[in-house]
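Written below as structure tokens is the structure these notes are about.
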């Protein structure tokens, strides 16, 4: 007669045998200081007796968690957001956490949607100017800000914008460019505002840059931008810059002879196009935000760590679109 297979022990059975709550079992198995040594030993003895193996999901359930976190984006269109998501999801997967994604572009109920998502996850990463600061501070879950201006009491991770934009313009000035156009809307995204500020700082003693505000930050926005020969066109990102290159070709303008063009991000397409740009660590931005959020979710809420601020470095990458005909040069 075949023997009946033993069912796998659960965290509830360990708690019952040890005479504690399931939350205490979870803390004991993480060697939390909130559990006494005597209780830890009792829990581990019960676990050995039942041959119990803890899982991430079990720990999350024991602590009243969802085993999921959320990330709020302004939009999901374009390679920049894709790279950030790849870094974020890879890091979150290492913690056994699934990721729920919300894009606020085109939504009239963005604030309500963010609040609803916060009720279904253990924590939120909020990217860009998607919801007002007062919404951020009112959420009842841990929050990390990504590519956004800091909010008091909240962790923030960003990339360097103004300083590198200034370096970019100084490089163009060194090649004799004196008339500048910035393509992109600084009022829409904090990152773009930082780049615009850096451009203006670099030209504080020269002719002020002309601002061309765009509807969006995609290829089509760059194609619609008005072009004037003899200008250096500093674009808010690579997608706009690639659109400007297409528009210049259609208008019969040569790059870089008639028009210098630069971007931001250093997408793969920028390398093939010979586009001078600024390389930023897109995947590391996402991964850092996910790591920081996990720390907030799992920390001792009675003794939380101080808010963290980090600005990841960016790097100017010089190619032929600004007047260099030699192979790629890094600064």
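All of the numbers you see were taken from the coordinates with simple rules; none came from a lab. In this text the structure is predicted, and so the values were computed from the model without any measurement. In this analysis, Cβ positions are derived from the backbone assuming ideal geometry, glycine residues included, and neighbour counts consider all displayed protein chains.
Extension gain for residue 38 to residue 213 (0.36 nm times residue separation, less C-alpha to C-alpha distance): 56.5 nm.
Site pair residue 197 and residue 320 shows an inter-label distance of 3.6 nm when each label is modelled 7 Å from Cα along Cα→Cβ. Shape verdict for segment 162-279, please, from the Cα gyration tensor: rounded (a/c under 1.5), prolate (a/b greater than b/c) or oblate. Rounded, since a/c falls under 1.5. Note on the chain: with a GNM built from Cα contacts shorter than 10 Å, the maximum mean-square fluctuation among 180, 217, 272 falls on 272.
Using a simple spin-label model with pseudo-atoms 7 Å out from Cα toward Cβ, residue 178 and residue 90 lie 4.7 nm apart.
Note on residue 101 and residue 9: the extension gain reaches 29.7 nm, defined as 0.36 nm multiplied by sequence separation minus the Cα-Cα distance. With contacts taken as Cα pairs under 8 Å at a separation of at least 6 residues, the chain carries a relative contact order of 16 percent. Remark: 29, 282 ranked as 29, 282, counting other beta-carbon atoms within 10 Å and listing the fewest first.
Any chance you could tell me what percent of the C-alpha pair distances in segment 245-318 go past 17 Å? The calculated P(r) of segment 245-318 puts 62 percent of pairs beyond 17 Å. Among [x] 23.0; [y] 20.9; [z] 16.5, which one is mean projected area of the Cα convex hull in nm² computed from these coordinates? Correct label is [x].
When you restrict to C-alpha pairs under 8 Å that are six or more residues apart and normalise by the size of segment 162-279, the relative contact order lands at 23 percent. Calculated FRET efficiency, residue 51 and residue 303, Cβ-Cβ r, R0 22 Å, to nearest 0.05? So the FRET efficiency works out to roughly 0.05.
Our helix-only sum for the chain, with -39,500 (n - 2.57) per DSSP H run of n ≥ 4 divided by its residues, gives a mean residue ellipticity at 222 nm of -12000 deg cm²/dmol.
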